[in-house]
Amino acid sequence: MAKAVTLSDIAKVCGTSTVTVSKALSNKKGMSDELREKIKKTADEMGYVPVKSSDAGPNTVGVLIPEKFMNPNGSFYWAMYNALVKVLDTHDYYCILETLSQENENALVMPKLITDNRVYSLISLGQVSAEYVRELNRNIRPLLLLDYYLPDEDIDSVISNGFKGSYRITNYLYSMGHRRIGFVGSVRATSSIMDRYMGFLRSMMEKGMNVNNEWVLDDRDENGNMDIRLNFPAEMPTAFVCNCDETAFMVIRQLKEKGYRVPDDVSVVGYDNYLISEVCEPPITTISVNAKQMAEKAADALLERIASPDKAVSSVSVDGELVEKESVKRIR
């Protein structure tokens, strides 16, 4: 059986992009009449058969987010998804969201977005297991990983520069007089937490500060559930670097329950700078992640992959900025 002609095949012959071919065949604006007719003629000559209306069009992008990251009261991933919707809309693409349960991830059950052929490409937002990513990659391409990466897999990714951000905020605590600093985050849970822990470690080592293993605390269980009791040590540090704002919020709440004052007794910093860092009492000093810029980089990488399926794999990192609020005390 002959291989079905794809939009990418037509784009190569016409010397244009897959996006342009899709627009031409859908009679959308954005090109000359001459180019539109050339694309249509080429498609006819190559024997292109349009997908059925129930199938995925090339401008449909699935976004898959693990349920464990979707706090009903809002989360960084909601903000990132909203940014993706707005950015992709400017390219005449639209998003379809599906959440992934831990049970389906463990059983390698593919999302309905894929099994029902509802999307042409997929963005995996928020880390899932390497086994699940490999299964996704076998079932749909293009696939892009957003806010995490897998070093051993040739898959495009866009991340925040967690190493640099955590390094910078740990240096900030040092500049505020802190020498006894802990880290809160399950280091092996995600690539982003690992990167942020490594940035913390480098700062501690460069400044000659001791890394006390009793001050490195897990913030979630083996299933990624963050609704846990933190195991605070008997001898406390003067500050905690938290891998994200949600964790920092949890640390502050549980410190208060134990009678500690933040920042008078213990300072706390986070990462992301989304809503929870502002509504917390006190507001959390953090590293701001530019969700709009990450969404723009993700859209660019995905559209480039659609237009050029054989191009080299890319991994894009977006820097953040330190945002000082009220959760850190200067000490002597």
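Where a number appears in this text, it was derived from the coordinates with a stated rule and is not lab data. As the structure is a computational prediction, the values presented were derived from the model and not from experiment. Cβ placement follows ideal geometry from the backbone for every residue including glycine, while neighbour counts extend to all protein chains displayed.
By how many degrees, 0 to 90 and rounded to 10, does the Cα axis of helix 291-307 deviate from the longest principal axis of the chain?
Between the helix axis and the principal axis of the chain, the angle is about 30 degrees.
Grab the Cα-Cα distance for Ser101 and Glu131, subtract it from 0.36 nm times how many residues apart they are, and report the gain in nm with one decimal.
9.3 nm
Using Cα-Cα distances under 8 Å and only pairs 6 or more residues apart, what relative contact order does segment 215-291 have, in percent?
Here the relative contact order equals 26 percent.
Ratio of segment 255-332's C-alpha Rg to 2.2 N^0.38 Å, to two decimals?
Dividing the Cα radius of gyration by 2.2 N^0.38 Å gives 1.63.
Sort Thr99, Thr247 so the one with the fewest other Cβ atoms within 10 Å of its own Cβ comes first.
Values: Thr99 16, Thr247 25.
Fewest-to-most ranking of Thr99, Thr247: Thr99, Thr247.
Of the trypsin sites (Lys or Arg not before Pro) in segment 189-254, which ones lie in a loop per DSSP and count no more than 16 other C-beta atoms within 10 Å?
Qualifying residues, ordered by number: Lys207, Arg229.
Per 0.36 nm of contour for each residue apart, how much would the distance between Glu34 and Leu322 grow if the chain were fully extended, relative to their Cα-Cα spacing?
Stretched fully, the Glu34-Leu322 segment lengthens by 98.6 nm.
Where Lys and Arg each count +1 and Asp and Glu each count -1, what net charge lies around Val187 among other residues with Cβ under 12 Å from its Cβ?
0
Bin by bin, in steps of 10 Å, what percent of the Cα pairs in the chain do you find, going until the bin that has the longest distance?
5, 24, 29, 19, 12, 7, 3, 0
Count neighbours as other Cβ atoms within 10 Å of each site's Cβ, and list the GluC sites (Glu not before Pro) in segment 205-300 that are DSSP loop with at most 11 such neighbours.
Filter output for segment 205-300: Glu222, Glu235.
With Rg and the Kirkwood Rh both taken from Cα atoms, where does Rg over Rh land for segment 7-46?
Taking Rh as the inverse mean 1/r over Cα pairs, Rg/Rh reads 0.89.
Output wanted: per-residue J couplings in Hz (rounded whole) for segment 276-282, from phi through Karplus 6.51 cos²θ - 1.76 cosθ + 1.60, θ = phi - 60°, x for Gly and Pro.
Along segment 276-282, the couplings run 4, 5, 8, 7, 5, 10, x Hz.
How would you rank Leu144, Leu201, Leu173, Leu322, going from fewest to most other Cβ atoms within 10 Å of each one's own Cβ?
Leu322, Leu201, Leu144, Leu173
Evaluate the distance, in nm, between pseudo-label points positioned 7 Å from the Cα of Arg180 and of Lys12 along their respective Cα→Cβ axes.
My value for the distance between the label points is 6.5 nm.
Treating the angle as unsigned and between 0 and 90°, give the value, to the nearest 10°, between the Cα long axis of helix 191-206 and the longest Cα principal axis of the chain.
Compared with the principal axis, the helix lies near 40 degrees.
Distance from the Cα centre of segment 285-332 to that of segment 134-184, in angstrom?
The two parts, judged by their Cα centres, are 9 Å apart.
Using only the alpha-carbon atoms of segment 97-155, report the extent along each of the three principal axes, biggest first, to the nearest angstrom.
Between the extreme Cα coordinates on each principal axis of segment 97-155 lie 30, 25, 19 Å.
Using the alpha-carbon atoms, what tilt in degrees (0 to 90, nearest 10) does helix 245-257 show relative to the longest principal axis of the chain?
In the chain, helix 245-257 runs at an angle near 30 degrees to the longest axis.
Using C-alpha positions alone, give me the convex hull volume of segment 162-289 per residue in cubic angstrom.
98
With r as the distance between the Cβ atoms of Ser308 and Glu45 and R0 = 22 Å, compute the FRET efficiency 1/(1 + (r/R0)^6) and round to 0.05.
According to the calculation, E is roughly 0.45.
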